[in-house]
1. Would you confirm, using the coordinates I've provided, whether residue 132 is surrounded by fewer than 24 Cβ atoms within 10 Å (Cβ to Cβ), at pLDDT 90 or above and not aromatic (Phe, Trp, Tyr)?
2. Test of understanding: among 107, 149, 98, which residue is in contact with a Phe, Trp or Tyr (Cβ under 7 Å, 6 or more places away or on another chain) and closer than 23 Å to residue 4 by Cβ?
3. Right, residue 177: within 18 Å of residue 36 (Cα to Cα), among the charged types (D, E, K, R), open to solvent by 10 Å² or more (accessible area, probe 1.4 Å) and touching a helix residue (DSSP H, G or I) at 6+ places or on another chain (Cβ under 8 Å) or not?
4. Filter the stretch 152-174 down to the residues that are closer than 16 Å to residue 51 by Cβ and open to solvent by 20 Å² or more (accessible area, probe 1.4 Å) and list them by number.
5. Just to check your reading of the model, which residue among 143, 149 is in contact with a Leu (Cβ under 6 Å, 6 or more places away or on another chain) and buried (at least 24 other Cβ atoms within 10 Å of the Cβ)?
6. Here is a list of conditions, (1) within 20 Å of residue 32 (Cα to Cα); (2) modelled with pLDDT under 90, and residue 52 meets all of them except one; can you say which number that is?
7. Can you confirm whether the stretch 106-119 contains a residue that is part of a helix (DSSP H, G or I) and either at positive phi or not basic (Lys, Arg) (or both)?
8. Here is a list: 222, 168. Which entry is of a type in the set (S, T, N, Q) and at pLDDT below 90?
Amino acid sequence: GTFTTYPIRMNTTEWISFAGAGLGTYYLVRNDDYLRGKINTKVNKYDSKFWKIFEKYGVVQYAEFAGAVVYSVGLFSEDKNVRTLGRMIIQSLTYSGASAMIIRMIAGRKRPTFTDDPLNFIGFTTNNSYQSFPSGHTTVAFALSTVLAEYFDSPWSRIGFYSIAGLSAAERLINSEHWFTDVALGAALGFLGGIHVINEEAKRNNKAASRLSIYPDLNGISLRYNLN
C-alpha cells in the first residue's frame, strides 16, 4: 500500500523531479533509434552469447526462487535476519515487477527486434511483441541488486551487485531485446522498489526499537515497553 500510493504523498520537489524525469524520458524515446545505433556500433565486436550469461540474472523466476530459498533458510535456521532478507527480496521483486507489467501493457511499445521505429506504441495490449517498455529483465535485476546492495550496506556490496545489474541491463541493449529507455525505466523501477523496501524495513525496526526503553532509577535499571 505504501508503495502504490507513494505518488499522492510526494512533495513539490519530488513532483518537479518526476516531471523532469518524464520530459527527459520523452526526449530519449524520440532519440532511441540513434542511441541504439551508437550502442550497437560500440559493442558489435563482442559475442552476443557471452552477454547472454547476464540475462539469467534478470529472469524473475530465478530471482523469486532465490528469495524463497533465502527466506526458507532463515525460517528453518530460526535466523530472523536471513528470513527478513528473503522477504525483502520477494517484496522488491513483487512491487517493481507488478509496476513494470502494468506499464508495459498500457504502453504497448514494440520491441526493437520487430521494428526500427522507436515510436511504435499501440496502447493497451498483452501481445509480447509489444511489451518492450520497460524492460522486465532490467527491473528484476535492479530490484534484486538494490535490496542486496543496501542490505549489506558496504561499498563492495554496492559495487558488486549494481555492477551485475548493470551488465544484465547492458545485455538487453546489446542483443537488441530493448530500447535504451526501456532499460532506463526498468532500472529506475527496480531501484525504487528496492529502496522502498529497505526504507520501510528501517522504519519498522526503528518503531519497534522505540517502544522498548531501558533507563536507570533509584532501584537499579528499569525496562519499559510502550504500547502506543
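The values are calculated or read from the model by the stated rules, or taken from the named source; none is laboratory data. Fair warning: this is a prediction, and the values are worked out from it, not measured in the lab. Here the Cβ positions follow ideal geometry from the backbone for every residue, glycine too, while neighbour counts run over all protein chains shown. Note: accessible area is taken over every heavy atom of the protein model, side chains too, but ligands, DNA and RNA are not part of it. Shrake-Rupley method; radii C 1.70, N 1.55, O 1.52, S 1.80 Å.
1. Answer is no for this residue.
2. 107
3. yes
4. 163, 164, 166, 167, 170, 173, 174
5. Going through 143, 149 in turn, the sole match is 143.
6. (1)
7. The answer is yes, given that some residue of the stretch 106-119 is part of a helix (DSSP H, G or I) and either at positive phi or not basic (Lys, Arg) (or both).
8. From the options 222, 168, the qualifying one is 222.
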